[in-house]
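Here the structure is laid out as structure tokens; the discussion comes afterwards.
Any read-out appearing in this document is the output of simple, stated calculations on the displayed coordinates, not a laboratory observation. Quantities reported herein were computed from a predicted structural model and do not represent experimental measurements. So basically every Cβ, Gly included, is an ideal-geometry build from the backbone, and we count neighbours across all protein chains shown.
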Amino acid sequence: MSQDRIDNTPSQHAGSDDSAIPPVEAIPLRFHALLDRVHEAETRAGRPQGSVTVELAAKFQAPERVLASLNAGATLLGHNIIQQLSASEEALKAMNAPAHRVHVIGHVQKNKAQHALRYAQCIETVDDEALAARLDRLQAARIERGEAEPGSTFDVMIQVNSSGAQSQFGIDPSLVQHLAQSIAQLDHLHLIGLMTIGAHTTDESDIRRSFATTRSLRDSLIDAGFADCTQLSMGMTHDMDLAIEEGSTIIRVGTAVFGPRPTPAQ
Ligand SMILES: *Cc1c(COP(=O)(O)O)cnc(C)c1O
């Protein structure tokens, strides 16, 4: 099993631009440059400014670098690996970091689900009924222990395997509606949208097709009565412009702000 398969990390594209890791001082400027790029893409797509939320993919980033992005105005972080999520959030708390939200964007292993609920506000990667049922039970237990408000729900998104690649997590598009119905039966989960990783190819039309597939699934869910299933988490550094054109409401971006990731020690 490769690292990719374990943490949901999309494969790196060859020829990604700069190879040096930018210093922490460069992060605010890079964050603002990203916002400019997002606004340009929104305008090109005929969408109002602010229709796309930037979620910074924080995997393998030192807390100081994440803090710099929060101080520059970032409000939403994404974590792939639950152990990094909890360590990073504890470190940020100790540094009095500005308030922010965190989504889980990596595959959630059974034994890590509890920590995911504790440190994040949304899990974007629900892709089967067993995981949904587990999250529902864990949220019920949190309410019972007084760690969550009585009657509160935990936000989830369904990860769609929109490209059909064997190496990708996510549920087959044909099974999305059924999973959404199962989630709707659970008292403690709240389905807010769909997440996907664009096709891993340099062929723009294939990438676009995987985003368009996810968008039309989202639209059919809304038509079927899942009124709160509005979010579309799609687009990363190399394909965010296409994703925004195809209706993304959340882009998950790491490299454009933090630079190339330090290679994980294995
Ligand atoms: C790392 C990661 C991203 C961000 O990728 P970049 O190419 O660095 O922008 C987005 N989504 C997921 C699921 C990731 O693991």
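Amide hydrogen proximity for Ser162: with H placed 1.01 Å from N in the peptide plane, the residues at 5 or more positions away or on another chain lying under 5 Å are Ile197.
Within region 111-204, the trypsin sites (Lys or Arg not before Pro) that combine a DSSP coil assignment with at most 11 other C-beta atoms in a 10 angstrom radius are Arg145. Using only alpha carbons, region 136-266 has a radius of gyration to Kirkwood radius ratio (Rg to Rh) of 1.03. Could you pull out every one of the aspartates and glutamates with an alpha carbon less than 13 Å from that of Lys112, ignoring same-chain neighbours closer than 8 positions? Within the straight-line limit of under 13 Å, Lys112 reaches these aspartates and glutamates: Asp7. Its alpha carbons give region 33-147 an Rg and a Dmax of 16.0, 49 Å.
Taking 0.36 nm per residue of separation and subtracting the Cα-Cα distance, what length does fully extending Ser167 through Lys93 add? Please list the in-between numbers first.
On the way: separation 74, 0.36 × 74 = 26.64 nm, distance 3.52 nm.
Once the chain is fully extended between Ser167 and Lys93, it gains 23.1 nm.
Each residue of region 237-253 is assigned a 3J(HN,Hα), and the resulting list reads 3, 8, 10, 5, 5, 4, 4, 5, 4, 8, x, 3, 10, 9, 9, 9, 10 Hz, derived from the Karplus form 6.51 cos²θ - 1.76 cosθ + 1.60 (θ = phi - 60°), x at Gly and Pro.
At 222 nm, what helix-only mean residue ellipticity would the chain give, in deg cm²/dmol to the nearest 500, using -39500 (n - 2.57) for each DSSP H run of four or more?
Taking each H run of at least 4 residues, the total per residue is -12000 deg cm²/dmol.
If you take the C-alpha gyration tensor of region 115-154, multiply each eigenvalue by 5 and take the square root, what semi-axes do you get, largest first, in whole Å?
On the way: eigenvalues 61, 25, 12 Å².
One finds semi-axes of 18, 11, 8 Å for region 115-154.
Restricting the calculation to Cα atoms, region 223-266 shows an Rg/Rh of 1.18 when the hydrodynamic-style radius is the Kirkwood one.
Counting every other Cβ atom within 10 Å of each residue's Cβ, Asp239, Asp223, Asp155 order from fewest to most as Asp223, Asp155, Asp239.
Computed extension length for Arg101-Ala26: 24.7 nm, one decimal, from 0.36 nm per residue of separation with the Cα-Cα distance subtracted. Between Ala148 and Ile143, the built amide H atoms are under 5 Å apart, and every one of these is 5 or more places off in sequence or on another chain. A convex hull fitted to the Cα coordinates of region 182-231 yields 76 cubic angstrom per residue. Assuming charge only on the beta carbon of Lys and Arg (+1) and of Asp and Glu (-1), the dipole of the chain about its Cα centre is about 540 debye to the nearest 20. Mean-square fluctuations from a GNM of the chain, with a 10 angstrom spring cutoff on Cα atoms, peak among Thr201, Thr237, Thr255 at Thr201. Build a GNM of the chain with springs between Cα atoms under 10 Å apart, and of Asn80, Asn71, Asn96 the one that fluctuates most is Asn96. In 10 Å bins starting at zero, report the fraction of Cα pairs in region 74-215 per bin as a rounded %. Distribution as computed: 11, 38, 34, 14, 2 percent. Any chance you could list P(r) for the chain, counting all Cα-Cα pairs in 5 angstrom bins from zero, rounded to whole %? Percent of pairs per bin, in order: 1, 6, 13, 17, 20, 18, 13, 8, 3, 1, 0.
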